[in-house]
């Protein structure tokens, strides 16, 4: 079974090697590692894609990591086997290949790109909320989601009352026809979106907005 592990560790030589050794000793087979964010406090956040035998519990990986100095597991979850951690470029290539549907294609692919559960693109239609695009897993939106249409910059969003365990991030865009919209990502149960993830989302939405209508 494939799992995605997000860890925080000291940004020093040998630290990642120690993590890899610990995970291997716990029975994991590492397939890919991606640096998600480097921080000013001397730590780094990495995503580790790995295969785990059915006889080994995911908790064993958490225990192995926490036994190392300065290493903390932020989250671990099941992940699509064989998935590529470097999906930003593939997503950009996909929506630039279909300019007329750039925003729709981007929203469709964002959950995999950001390891999130769903994505939507919304816009204000007078007093109503217009869903411009939504991933297949997106939930039904209520009136409280209308507040997203006022988002002016890429940022983490306040969790809505009906989704207490869902963390949100959003970024605004305006297509070539001048129509404003906001793309929102939802991640059930966390972890919170990192600054680097919010920045990536903002850049990707801006690019899709500029492509749409070409």
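The values are calculated or read from the model by the stated rules, or taken from the named source; none is laboratory data. Remember, it's a predicted structure, so these values are computed and weren't measured experimentally. All Cβ positions, even for glycine, are placed from backbone atoms using ideal geometry, and neighbour counts span all protein chains on display.
What the table below lists for this structure:
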{"read-out": "Residue within the stretch 187-198 that is over 15 Å from residue 115 (Cα atoms) and surrounded by 19 or more Cβ atoms within 10 Å (Cβ to Cβ) present", "value": "no"}
{"read-out": "Residue 131 being free of Cβ contacts under 8 Å to residues at least 12 places away in the same chain and outside any loop (DSSP other than H, G, I, E, B)", "value": "yes"}
{"read-out": "Candidates 201, 160 - the one that is surrounded by 15 or more Cβ atoms within 10 Å (Cβ to Cβ), closer than 23 Å to residue 140 by Cα and in contact (Cβ under 8 Å) with a residue 40 or more places away in the chain", "value": "201"}
{"read-out": "Any hit, the stretch 114-124, residues being surrounded by fewer than 16 Cβ atoms within 10 Å (Cβ to Cβ), outside the structural domain of residue 7 (by TED's automatic domain parsing) and not in a strand (DSSP E or B)", "value": "no"}
{"read-out": "Set 52, 9: member being modelled with pLDDT of 85 or more, more than 30 Å from residue 202 (Cβ to Cβ) and in contact with a helix residue (DSSP H, G or I) (Cβ under 9 Å, 6 or more places away or on another chain)", "value": "52"}
{"read-out": "Subset of the stretch 160-182 [over 18 Å from residue 133 (Cβ atoms) and under 16 Å from the mean Cα position of the chain (by Cα)]", "value": "165, 166, 167"}
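Yes or no, residue by residue, for (1) farther than 15 Å from residue 66 by Cα; (2) part of a helix (DSSP H, G or I); (3) free of Cβ contacts under 8 Å to residues at least 12 places away in the same chain:
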{"site": "6", "(1), (2), (3)": "no, no, no"}
{"site": "12", "(1), (2), (3)": "yes, no, no"}
{"site": "22", "(1), (2), (3)": "no, yes, no"}
{"site": "37", "(1), (2), (3)": "yes, no, no"}
{"site": "53", "(1), (2), (3)": "yes, no, no"}
